[in-house]
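Heads up, the thing below is written out as structure tokens.
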């Protein structure tokens, strides 16, 4: 999805990413329970963009790091991500992930829950090995934000009273908290001064939010070949994405009834998706969400100003632009 | 269950346990997701013996600790325990816990999974606050052993090829790893020398194993009023407990067929429980398991010799005896 700047980051960190992959492979082994590497190999083998571990390596490099704790932290971040995917697929009752059957479908929900717990524990062991209490603090806080956001999403889902503030909290849990932790720990392990660590946090946070809002918009305008999503998937799954939240906030009585039927009750008919898009267009909800995404991407780029001039800084800046170029 | 020594520990640490309870109550709050305190209050409110946090306080006291990080670690240990209970109840599809409906029944599996994740993250934040990397290392390793043991239990369950070695690994995951971490971190936070920390680990490990084997035996001989379990519950749930593993190891062809039918296939008939008990009795499997439990309780007591003379040491010794007195 993030082909260009992402590919260049991948090329730049190829050697380190090989080391990270090796670390992931070694640490997901289990002497006693072969089910564990089976499940994780299925998920890790499916690829994925490995964006989060790459963000950690990039942040460390940008701050002049030359050790190998960045690899441990990159693997940590990928383990946390994989653990949340395993639990998410159970919670969402998903059957497909990265174009393959999900672990909960191939094995069972029990394996996904427990192997997810195992990966959390493994990630925790890896970060302890870095010996940095500050890194541990950042990742502990991110873990809490992630879990809290997931619970919030569970209770706020399909509730038309969901505000943009709640939406942001959910998005931080779903995406931005791990992005911001990934970049911040890269800086911290490099011994970057507080202003730089803070800037890296801000960059990851804003990038994650821009990424998620763009994803919300692609549900209504995307090219399914390029995104791998079908237009209207989120709508059919009754997800309260940002454009819908904005449209609901401006809805008259008839429109409220429409959203209540399609999202809250899930009673959808032919033509509802087109009607939803027309209503959102009429209220400027799609354009407003698009403007928000660009705003967050700009915040990401702006925060990079507090960081040293560096080729990686340019790549991170391009990455922020790229995330929203998909909805331009 | 552990009424006498446990009650005396509870009396001795009453003030500290009040502080621990307060910490648990404060830290399970969530600014954003009210579902979290609902679920946790249900479980925490149901009581339970609070044995694990008490072991941490006892170990710290025994090693002369006078700060309050022991309270944070006690709350940490209880959070980890509560998180595993939430996930276990989903995995086991349980409907009752501590005499009340389980969270997965009252809310749903999704809430139990995600609130469990939240409690893991919270426990992690709490232990980071102690600033001790060694404590973090111990608890990270315990978390991995717990999750690995749970996965192993999933795949080894109902498999007659399960050996006593695998059984021990499962028991460490289920019970002993958190007991041993609870006692060891108490010593470590007190700055105890390595031999003492090691002895505390051994005590917790052996106590947990003795406890679990005693629990296995109570399924065949317990007084259901005192234990809260009905005779044969484990057998009906087709659990490969230690006495059965020992009997299977000595089974002739006819007995093997019996175990295959009742445990592997779950095709149980009237009289099977009585027959199972007769077969175990014939092979001395119940007595051998009982001897193992006493052996582990003795190891627990022996390990205390490396620790300072102290009234709490006597209480811990009595606790080990008490755990197996139920099956004497």
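The values are calculated or read from the model by the stated rules, or taken from the named source; none is laboratory data. If you're wondering where the values come from, they're calculated on a predicted model, not measured in any experiment. Because the Cβ atoms are built from the backbone with ideal geometry, glycine has one as well, and the counts that use them run over all protein chains shown.
If you go through segment B:126-136 one residue at a time, do you hit one that is under 17 Å from residue A:146 (Cα atoms) and within 7 Å of chain A (Cβ to nearest Cβ)?
Scanning segment B:126-136 turns up no residue that is under 17 Å from residue A:146 (Cα atoms) and within 7 Å of chain A (Cβ to nearest Cβ).
Considering each of B:306, B:275 in turn, give the residue that is exposed (fewer than 15 other Cβ atoms within 10 Å of the Cβ) and in contact (Cβ under 8 Å) with a residue 12 or more places away in the chain.
B:275
In segment B:147-166, what residues are part of a helix (DSSP H, G or I) and modelled with pLDDT under 95?
Selection gives B:147, B:148, B:149, B:150, B:151, B:152, B:153, B:154, B:155, B:156, B:165, B:166.
I'd like to verify a number: residues in segment A:102-125 that are in a helix (DSSP H, G or I), more than 7 Å from every other protein chain (Cβ to nearest Cβ) and surrounded by fewer than 24 Cβ atoms within 10 Å (Cβ to Cβ), how many?
Count: 3.
For the list (1) touching a helix residue (DSSP H, G or I) at 6+ places or on another chain (Cβ under 6 Å); (2) more than 10 Å from chain B (Cβ to nearest Cβ); (3) at pLDDT 85 or above, I need the number of the one condition that residue A:87 fails.
Looking at each condition in turn, residue A:87 falls short on (2).
Tell me yes or no: at least one residue of segment B:75-93 is assigned to a loop (DSSP other than H, G, I, E, B) and more than 17 Å from the chain's Cα centre (by Cα).
For segment B:75-93, residues assigned to a loop (DSSP other than H, G, I, E, B) and more than 17 Å from the chain's Cα centre (by Cα): present.
Scan segment A:18-37 and tell me whether some residue there is away from chain B (no Cβ under 14 Å), in contact (Cβ under 8 Å) with a residue 40 or more places away in the chain, surrounded by fewer than 22 Cβ atoms within 10 Å (Cβ to Cβ) and farther than 21 Å from residue A:218 by Cβ.
yes
Please count how many residues of segment A:248-259 are exposed (fewer than 15 other Cβ atoms within 10 Å of the Cβ) and in a helix (DSSP H, G or I).
Selection size over segment A:248-259: 5.
Would you check if there is a residue in segment A:288-304 being in a helix (DSSP H, G or I), over 22 Å from the mean Cα position of the chain (by Cα) and modelled with pLDDT of 95 or more?
no
Condition (residue is more than 8 Å from chain A (Cβ to nearest Cβ), buried (at least 24 other Cβ atoms within 10 Å of the Cβ) and under 20 Å from residue A:87 (Cβ atoms)) applied to segment B:151-165: is it met by at least one residue?
Yes: one or more hits.
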